[in-house]
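K.L.:
Here's a structure for you.
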Amino acid sequence: MQHEKLNYVEFPATNIPATKLFFEKAFGWTFEDFGPEYTAFTDQGLDGGFYKSDLTSTILNGSALLVLLSDNLQLTQANVEAGGGKISTPIFSFPGGQRFHFIEPSGNELAVWSKIAK
């Protein structure tokens, strides 16, 4: 751990079991439950968890956008869709890469990006 650096992130989750299943299927994440209203994940670049809440985290409501990195953006998008995620912004290019946004089963928005191959 590094002093005063980002160390952990927590997301609201309207449906913790559905959210866990999605991230397990789409990204291979594993979870540790701490009662019925909290689950944690580790080794995903930044450790974190999901807490039971009726709220959601989206850029439309001013939330921070967490962005995952992919070596194969099209495959990752297919995995997101197969896992039950909804694509909210299709793949688009920007200087240095491409990305898409998705909504997971609890209504939280995340993004996935990929560097442009040189």
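The values are calculated or read from the model by the stated rules, or taken from the named source; none is laboratory data. Since the structure is predicted, the reported quantities are computational estimates derived from the model, not experimental observations. Cβ sites come from the backbone with ideal geometry, for glycine too, and all protein chains shown count toward neighbours. To get the accessible areas, we keep the full protein, side chains included, count just its heavy atoms, and leave off ligands, DNA and RNA. Shrake-Rupley method; radii C 1.70, N 1.55, O 1.52, S 1.80 Å.
K.L.:
I'd like the full set of residues that are surrounded by 15 or more Cβ atoms within 10 Å (Cβ to Cβ), part of a helix (DSSP H, G or I) and among the aliphatic types (A, V, I, L, M), limited to segment 67-84.
P.N.:
The answer is L73, V80.
K.L.:
Okay, moving on. Under the condition of being among the polar types (S, T, N, Q) and over 17 Å from S57 (Cβ atoms), which residue from segment 85-100 is least open to solvent (accessible area, probe 1.4 Å)?
P.N.:
Ranking the qualifying residues of segment 85-100, first place goes to Q98.
K.L.:
Considering segment 102-115 alone, what residues qualify as being part of a strand (DSSP E or B) and open to solvent by less than 10 Å² (accessible area, probe 1.4 Å)?
P.N.:
F102, L110, A111, V112
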